[in-house]
1. Post the alpha-carbon centroid distance, the range 231-256 to the range 43-101, in whole angstrom.
2. Among 86/196; 149/196; 29/114; 114/149, which pairs are too far apart, with a Cα-Cα distance over 22 Å?
3. How large a share of the accessible area of the chain, in percent, is made up of carbon and sulfur atoms when the probe is 1.4 Å and the other protein chains stay in place?
4. Among (i) 1.10; (ii) 1.01; (iii) 0.96, which is the computed Rg/Rh (Cα atoms, Kirkwood Rh)?
5. Taking the highest mean first, how do the peptides 51-57, 18-24, 141-147, 267-273 order by number of other beta carbon atoms within 10 angstrom per residue?
6. Mind checking the range 73-147 for trypsin sites (Lys or Arg not before Pro) that DSSP puts in a loop (not H, G, I, E or B) and that have at most 10 other Cβ atoms within 10 Å?
7. Rounded to the nearest 0.05, what FRET efficiency is calculated for residue 172 and residue 35 with R0 set to 51 Å and r the Cβ-Cβ distance?
8. Positive end of the dipole of the range 32-110, charges at C-beta (+1 Lys, Arg; -1 Asp, Glu), about the Cα centre: which of 39, 61, 91 has its Cα farthest in that direction?
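The values are calculated or read from the model by the stated rules, or taken from the named source; none is laboratory data. Not measured: the values here are computed from a predicted model. For neighbour counting, all protein chains shown are included, and Cβ atoms are generated from backbone atoms with ideal geometry for every residue, glycine included. Ligands, DNA and RNA are stripped out before the accessible areas are found, and what is left, the full protein with its side chains, is counted by its heavy atoms. Shrake-Rupley method; radii C 1.70, N 1.55, O 1.52, S 1.80 Å.
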Amino acid sequence: MADKKKLEHLIKNMGELPTLPSVFFTVSKMLSDPRTSAVDVGNIVSNDQVIASKILKIANSAFYGLAGRVSTVSHAIAVLGFSSTKNIVITTSVLSALSPATPIKGFNLAAFWKHSASVGAIARLTAREVCPQKQEEAFVAGLLHDIGKLILAICDVEDFAKCVNHAINKKCLFLEAERELLGVDHTEIAALVNEKWRLPNEFADVLTNHHKSIEVSGKQSELVAIVKFADILARGMQSGHACDHSIPVLEDKVWDSLLMTSRKLDDILAASYDAIQEAMVFVNE
């Protein structure tokens, strides 16, 4: 692992770091206040057309299985509930901040987001089987787990492109290319940037620890295990592309920690295709 001084030096020499929209911080604070109403949140969210439109789009999609049409942001928030609303605000804020300005040879942004949505969808299905109370968190953690790669792509196009080409030529993981060429990797970059972003701890832990052994993956080890598992399945299904040209081996302890069985795996795989299609509403404009 790179030391913090090396990371700070890298960040300092990168371009301007992406920032989250101010509405993210306002809404996050509001949703933690029990006195807040759906109308209150709706009034704030409506000031950001990107987030407001996404809430309406998702509320009217198949993702949450809601019946009927939702026509106002406040109604959508009331129907979705504060937990789902917060997760939509988080994902939309992050995705809107992470859009490389120019195409990068060897990197397909649409394929990257499809992989991310696939990991989120499969993580949600996995959580449904092993810890139903964490389905929402598992989806967001899976969707956002690799954003450190995009932070690098936005802030240092040259180094990102070198890592992409290295991964292609060596047929290796992007992580291995980063470590060999830069001495740091996207999990460490994401962790440092998140000191500014202040995402909820459960998501921050996954951004930082999803390439670590499950034994040292922090307080959210169950969520990390779910995302690791979902990532392998998404790669095996060739759903999208995460800059990698190799598939990591799943640790036995991940399977064991999730109490995974062949039946559960079959159920997850059977539901994955439809779940991925529904999850694409989060990453499609």
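1. That distance is 29 Å.
2. On the way: 86/196 18 Å; 149/196 17 Å; 29/114 30 Å; 114/149 14 Å.
Result: 29/114 exceed 22 Å.
3. After summing per-atom areas, the C and S share lands at 51 percent.
4. Matching entry in (i) 1.10; (ii) 1.01; (iii) 0.96: (iii).
5. Details: 51-57: 20.4, 18-24: 17.7, 141-147: 28.1, 267-273: 15.9.
Going by the mean number of other Cβ atoms within 10 Å, highest first, we get 141-147, 51-57, 18-24, 267-273.
6. Values: sites: 86, 105, 114, 124, 128, 134; in loops: 105.
Answer by residue number: 105.
7. On the way: r = 52 Å, r/R0 = 1.02.
In this case the efficiency is close to 0.45.
8. 61
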